[in-house]
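Quick notes on the structure that follows.
The values are calculated or read from the model by the stated rules, or taken from the named source; none is laboratory data. Please read all numbers here as calculations on a predicted model, not as lab measurements. Here the Cβ positions follow ideal geometry from the backbone for every residue, glycine too, while neighbour counts run over all protein chains shown. Quick note on the areas: whole protein, heavy atoms, side chains included, nothing else; ligands and nucleic acids left out. Shrake-Rupley method; radii C 1.70, N 1.55, O 1.52, S 1.80 Å.
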Amino acid sequence: MTEKLIKNGRIITATDDYTADIMIADGIVKMIGLDIAAGGDVEIFDASGLLVLPGGVDVHTHLEAEVGAAKTVDTFESGTMAAAFGGTTTLVDFAQQPHGGGVIAGLDDWQARAAKACVDVGAHMIITTFNDQTLVDMKSVLQNDGVTSFKMFMVMPGVMMIDDAELYQIMRMTGENGGLSCVHAENGLLIDLLIKEAVAEGRNEILNHPRVHPPGTEGEAAHRAIQIAKLADSPLYVVHVSTQDAVNHIAEARHDGVPIYAETCPHYLFLTEDEYDKPNNEAAKYTMIPPLRSQAHQDALWRGLASDDLQIISTDHCPFCLTEQSWGLEHSKALGKDSFAQMPNGAPGVETRLPLIYDGGVREGRLSLNRFVQLNSTTPAKLFGLFPRKGTIAVGSDADIVLFDPEESWIIKASDHHSRVDYSLFEGRETIGRVKKVFLRGEMIVDGTEWLGHAGGGQFIKRGNSGQV
Ligand code: URP
Ligand code: ZN
Ligand code: ZN
């Protein structure tokens, strides 16, 4: 591989902010310094006026994933290409134990599909079925395969839900072995009842979706998960936090010194439940769980990011097309045309995380540049066993580097995206700050609008134990 020299860029890490040159060789950062001299065969990139950021690390995506009767529309190729155009060079995607099946089979299946990834990928496992073999296999993938975190759903009884006693046993084993338990915190039994009551009363429109997932159901489940994690002596990560109720419980536990971590997602930071008042075919874009919330909850999430009660922003990229046409009914929100209760839950976002958080977070004065990098790259890498290889710009780290123009204004349009999904949650939003070039282990894979990467160009990363941050 030719050596590369990125000159005169403003390098931002979670702690530093300075202008320097970066020499890249053999896929890693070889040298950082002032006025580094280059030999004749070194490729030079002038980054004057640009931010030089570590590649984004998105620890919450669902590619080619089964969610109930539906399947997400992005393949590993399309989803990771979209990630790259959004400045994300590492995903930790969710492999899944098939309901009633084995953990190892679920991982093997994921590994076969993930071989097509264009950026680096690690796996967490979603545990859907608890039996004698489950803990044995979980311990095996944790110790041998670099799959060091697991997600348990406290919702969707009979399909995904893990009950409290099972959760306790999983957390205990995971904590004992240096892993990290992740929970989807919503009260599944209560929500199931509310859904059934709504359907029985003929309330099938999408505006009922947030009503059957009231904020307290998230707060209650987050609190319960925290108590179970404390009993199990295990660290806990609460995924896609959307409510003040959950933030309050997380903050309280963290202030007591309990190792609880949590993420939120751009859609909860920039959109509110008002979207559900739109006509059904428009509101369908926003059916995800937990649902979008009120402005007061959104404000609490921003406060949580500022106070470090929330440590990570990930996308929960879980894309289904609005219409059946392109990729078929199973990949589409059209499955829910008769009732919100049949609507596949999930939304796209892997391509817009960095620009949105820069524009609405840094430019709006809510986050510093360092905090922006910490939330999108460094802490996800640290917490999920990828640091210091990923998540920062330092000598010896992978040369996963994003050149970002902090001044360029552009309009978000699904038609410009690289995902297979046919809509964006942020269609038409004017955004300042744009990804210009992306390097993955020293190879330029994005150059403006040009794609230089390829399927299979990503590597599977065996993650280390969960670092506490
Ligand atoms: O609606 C969502 N979030 N779908 C994806 C599955 C999950 O719960 O993360
Ligand atoms: Zn979830
Ligand atoms: Zn998810």
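Rounded to the nearest 5, the antiparallel percentage of DSSP beta bridges internal to the chain is 45%.
Here the dipole of segment 82-137 is about 200 debye; that uses its Cα centre as origin and unit charges on the Cβ of Lys and Arg (positive) and Asp and Glu (negative). A protection proxy built from the mean count of other Cβ atoms within 10 Å ranks the segments 53-61, 27-35, most packed first, as 53-61, 27-35.
May I ask you to compute the full-extension gain from Trp451 to Lys413, defined as 0.36 nm times their residue separation minus their alpha-carbon distance, rounded to one decimal in nm? Working shown, then result.
Working: separation 38, 0.36 × 38 = 13.68 nm, distance 1.76 nm.
Length gained, Trp451 through Lys413: 11.9 nm.
Each of Ile412, Tyr268, Thr72 was placed along the dipole of the chain (beta-carbon charges, centred on the mean Cα), and the one lying farthest toward the positive end is Tyr268. Volume per residue of the convex hull around the Cα atoms, evaluated for segment 369-467, comes out as 136 Å³. Give me the Debye-computed log₁₀ of I(q)/I(0) at q = 0.18, 0.21 Å⁻¹ for segment 1-144, equal point scatterers on Cα only, no solvent, two decimals. Log-scaled intensity ratios, in q order: -1.00, -1.20. The residues of segment 55-370 have, on average, 33 Å² of accessible surface per residue, using a 1.4 Å probe with all protein chains present. With the charge dipole of the chain set up from +1 on Lys and Arg Cβ and -1 on Asp and Glu Cβ about the Cα centre, the Cα lying farthest toward the positive end among the listed residues Pro355, Val241, Ala394 is that of Ala394.
For segment 203-271, count the residues as N, evaluate 2.2 N^0.38 Å, and divide the Cα radius of gyration by that value, please.
Working: Rg = 13.6 Å, N = 69, 2.2 N^0.38 = 11.0 Å.
The reported ratio for this selection is 1.24.
Along each principal axis, taking the top coordinate minus the bottom one, the Cα set of segment 100-189 gives 39, 26, 21 Å in descending order.
Label positions at Asn465 and Ala37, each projected 7 Å from the Cα along the C-beta direction, are separated by 4.6 nm. In segment 26-90, the C-alpha radius of gyration followed by the widest Cα-Cα span (Dmax) gives 18.0, 57 angstrom.
Note on segment 55-370: dipole from Cβ charges, positive end direction compared against Ala115, Ala284, Gln311; the farthest Cα belongs to Gln311.
At 1.4 Å probe size, with the rest of the protein present, what percent of the exposed accessible area of the chain is carbon and sulfur atoms? About 48 percent, which is the carbon plus sulfur part of the accessible surface. Each part reduced to its alpha carbon centroid, segment 79-154 and segment 1-74 end up 25 Å apart.
So if the hydrodynamic radius of segment 304-370 is defined as the Kirkwood radius over C-alpha pairs, what does Stokes-Einstein give as its diffusion coefficient at 37 °C and 0.692 mPa s, in µm² per second? Translational D for this selection: 231 µm²/s.
If you take the Cα centroid of segment 311-347 and the Cα centroid of segment 182-203, the two points sit 18 Å apart.
What you get for segment 55-370, charging only the Cβ of Lys and Arg (+1) and of Asp and Glu (-1), is a dipole of about 240 debye around the Cα centre.
Cα-based Rg of segment 387-436 per 2.2 N^0.38 Å, rounded to two decimals? Mind showing how you got there, number by number?
Details: Rg = 14.8 Å, N = 50, 2.2 N^0.38 = 9.7 Å.
In units of the globular-protein estimate, segment 387-436 measures up at 1.53.
Per residue, the convex hull spanned by the Cα atoms of the chain measures out at 125 cubic angstrom.
Tell me, how many Å apart are the Cα centres for segment 240-254 and for segment 419-469? Computed from Cα coordinates, the inter-centre distance equals 29 Å. Here Lys462 is the anchor, and the lysines within straight C-alpha reach of less than 23 Å, apart from those fewer than 8 places off in the same chain, are Lys30, Lys116, Lys139, Lys151, Lys382, Lys390.
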